[in-house]
1. Filter region 217-255 down to residues that are β-branched (Val, Ile, Thr) and within 13 Å of the ligand (Cβ to nearest atom), then give me how many there are.
2. Mind listing just one residue for me: the one in region 241-267 that is assigned to a loop (DSSP other than H, G, I, E, B) and in contact (Cβ under 8 Å) with a residue 60 or more places away in the chain and, of those, nearest to ASP181 (Cα to Cα)?
3. Looking at (1) at pLDDT 95 or above; (2) open to solvent by 20 Å² or more (accessible area, probe 1.4 Å); (3) not aromatic (Phe, Trp, Tyr), which is the one condition that is false for GLY227?
4. Go through region 71-91 and give me each residue that's open to solvent by 80 Å² or more (accessible area, probe 1.4 Å), within 15 Å of LYS36 (Cα to Cα) and out of contact with any Leu (no Cβ under 7 Å at 6 or more places or on another chain).
5. Only one of ALA119, ALA115, ALA143, ALA98 is surrounded by 16 or more Cβ atoms within 10 Å (Cβ to Cβ) and more than 15 Å from the ligand (Cβ to nearest atom). Can you tell me which?
6. Hey, could you check region 28-65 for residues that are open to solvent by 30 Å² or more (accessible area, probe 1.4 Å) and closer than 20 Å to GLN108 by Cβ and say which is nearest to the chain's Cα centre (by Cα)?
Amino acid sequence: MANPIKTAVFPVAGLGTRFLPATKAMPKEMLTVVDKPLIQYAVEEAKEAGVEHFIFVTGRNKNIIEDHFDRQYELMNILKEKNKIDQISILEHDLPSAGQTSFTRQQQPLGLGHAVWCARHMIGKEPFALLLPDMMVQSEVGALKQMTSQYEKHGNNVVGLYEVPHEDVYQYGVVKIDEQDPGQIKITDMVEKPKIEDAPTNLMIMGRYILQPEIMMLLGTQNKGAGGEIQLTDAMLKLLEFQGFSGVKIDGKLFDCGSKLGFLSANVSFALEHPEVGTDFRNAIKALLKN
Ligand code: G1P
């Protein structure tokens, strides 16, 4: 049995070029799905899985993320004056406790692998979770929680997987698995952004990981890979030579909010399920589609 994971890393330094001009001054992780920014969904997912320390790897223009997880005295005072009890309790509930958040900067956009490596001193010798906030899952049990039960049983490294149409594999990291072992999905190979004809399967790496700290040492010497960037998948492939990797097929709906279509679909899907606006929104959508 492995010890529960207590630390999570959130790489939030990306430039968000696919969402310009919305992301010119605002980080893409602050784009909202219904009424919460993407980064908050990821933090809540980590909390649900037992995480107590949240490490954000930020970049320029990202101070607003730090502010989002801080107490806003002026706002609180105004809400108190107006007796807005519900809003106050939402904000209090969402606020991390003192010392639970840490921030470091990726000074140059050198890729996901480099962003993760920037957190190495905060991680030290402990295994950690990694969540890419662009990738949102709508599910009963959060994606990371689906993975921690596997991790606590088998230890090692765990990667969240999701089946995508074969023609989409070139956009993601893709794994090969050992079909012989039905009890556990054992990963035997990984490739970042393969050509469609070279992809070993249509099981993509969906942005949730539990990694051993040795990944940091490998990232420190990792050469550039796909897209001229330091790729996490390439370092994981090296780690696979001496540590196991298991996969968990994530149960739920996955939205790639790094694309406009994925982001819009996430908004529609989460709005349809929203306790306050769900029913009215369904009617509004039906009315729109009639025209
Ligand atoms: C990253 C990872 C890739 C993964 C994807 C999920 O790619 O490198 O393996 O499948 O996230 O979103 P990126 O989206 O940064 O190009």
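The values are calculated or read from the model by the stated rules, or taken from the named source; none is laboratory data. Predicted model only: the values in this text are computed from it and were never measured. Every residue, glycine as well, gets a Cβ built from its backbone with ideal geometry; the counts of neighbours run over all protein chains shown. Side chains are part of the model used for accessible areas, which takes the heavy atoms of the whole protein and leaves out ligands, DNA and RNA. Shrake-Rupley method; radii C 1.70, N 1.55, O 1.52, S 1.80 Å.
1. So the answer is 3.
2. Taking region 241-267 as the starting set, the residues that turn out to be assigned to a loop (DSSP other than H, G, I, E, B) are 241-244, 250-252, 257-259.
With the extra rule that they be in contact (Cβ under 8 Å) with a residue 60 or more places away in the chain, the set shrinks to 243-244, 250-252, 257-259.
Details: GLN243: 17, GLY244: 14, ILE250: 18, ASP251: 20, GLY252: 23, CYS257: 33, GLY258: 34, SER259: 35 Å.
Per the criteria, the residue is GLY244.
3. (1)
4. ILE90
5. Details: ALA115 fails: more than 15 Å from the ligand (Cβ to nearest atom); ALA143 fails: more than 15 Å from the ligand (Cβ to nearest atom); ALA98 fails: surrounded by 16 or more Cβ atoms within 10 Å (Cβ to Cβ).
Result: ALA119 is the single residue among ALA119, ALA115, ALA143, ALA98 that is surrounded by 16 or more Cβ atoms within 10 Å (Cβ to Cβ) and more than 15 Å from the ligand (Cβ to nearest atom).
6. Taking region 28-65 and keeping what is open to solvent by 30 Å² or more (accessible area, probe 1.4 Å), we get 28, 32, 34-36, 41, 44, 47-48, 52-53, 60-61, 63-64.
Narrowing further to those that are closer than 20 Å to GLN108 by Cβ: 28, 60-61, 63.
On the way: LYS28: 13, ARG60: 20, ASN61: 20, ASN63: 19 Å.
Per the criteria, the residue is LYS28.
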